[in-house]
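Contents: one structure, followed by commentary.
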Amino acid sequence: MKCGLNDFKFSYKRSLTISELAKDIGRKIRTVRKERGLTLKQVGDRLHVTASLISQLERGVTNPSISLLKEMSDYLAIPVSSLIESGETWKKDYPLLRDGERKALTIEGNARFQLLSQLYDLNCEFILNEWAPGASTGKKKYAHEGFECGYVLRGRLIIELGDQIYELKPGDSITYPSTTPHLVRNPTKKMTLAVWVNSIPWIFKNR
């Protein structure tokens, strides 16, 4: 669920530039870290990464995998959505979203997530996932609240769910508790396209 490996990217009306947004996310991480009285080394040790990587994230020169972003938010006790929320607003009372107007997050490995719905409170998160060849959610499995359901439109996905591994091809779908540690990856040399629904929004903030 593109410009490059080391940038966050939002496609959105009145969107920030890639570098501005990456720096904005980094500033939020740095601000919360300092409010918690934590050093770069403390954060890095807790997340099992180097202090140098945390510094790069804070300066907006690299971006985390979705699993590292989740670990970071859990450790700092803030929602993932608060790190990527940029304060932009939608046109009210206008139901249509054109291609290029959707809010989208690009993470490490060229995985891109586009929010298909407007930012209404739908009690779920409806996302288009684009997985570049070899892209994944990260090196580690992660978990969050709710349930999720995915449907592959094109290509193939491997879902590592607990100690089980499932391969999805076009037309296949999968549903599972998001509380089960999981990892998603594209094992092919081609782009994979899928639609995903999270029963509890956690990447994009509804308002």
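Miscellaneous remarks
- Think of segment 42-174 as having a plus end and a minus end, set by charges on the Cβ of Lys, Arg, Asp and Glu; of L76, Y94, L161, Y94 sits farthest toward the positive end of this dipole.
- When each of the peptides 133-145, 163-175 is scored by how many other beta carbons lie within 10 Å of its residues on average, the order from highest to lowest is 133-145, 163-175.
- Additional length obtainable on full extension of the chain from S81 to K140, 0.36 nm per residue less Cα span: 19.2 nm
- Max-minus-min Cα coordinates of segment 64-207 on each principal axis give 42, 34, 24 Å, with the largest extent listed first.
- Exceedance of the 23 Å cut-off in Cα-Cα distance is limited, within the set K169/K189; K28/K70; K169/K190; K103/K140; K34/K141; K23/K141, to K103/K140; K34/K141; K23/K141.
- Looking at segment 32-132, the accessible area is 47 square angstrom per residue; that uses a 1.4 Å probe and ignores ligands, DNA and RNA.
- Surface composition of segment 56-192: carbon plus sulfur atoms hold 52% of the accessible area, using a 1.4 angstrom probe and ignoring ligands, DNA and RNA.
- Shape of segment 116-191, Cα gyration tensor, a/c cut at 1.5: oblate
- Using R0 = 35 Å, the C-beta based FRET efficiency linking Y176 and R98 works out to 0.60.
The values are calculated or read from the model by the stated rules, or taken from the named source; none is laboratory data. Computed from a predicted model, the values in this text were never measured in an experiment. Using ideal geometry, Cβ is built from the backbone for each residue, glycine included, and neighbour counts are taken over all protein chains shown. Note: areas computed on protein heavy atoms with side chains; ligands, DNA, RNA excluded. Shrake-Rupley method; radii C 1.70, N 1.55, O 1.52, S 1.80 Å.
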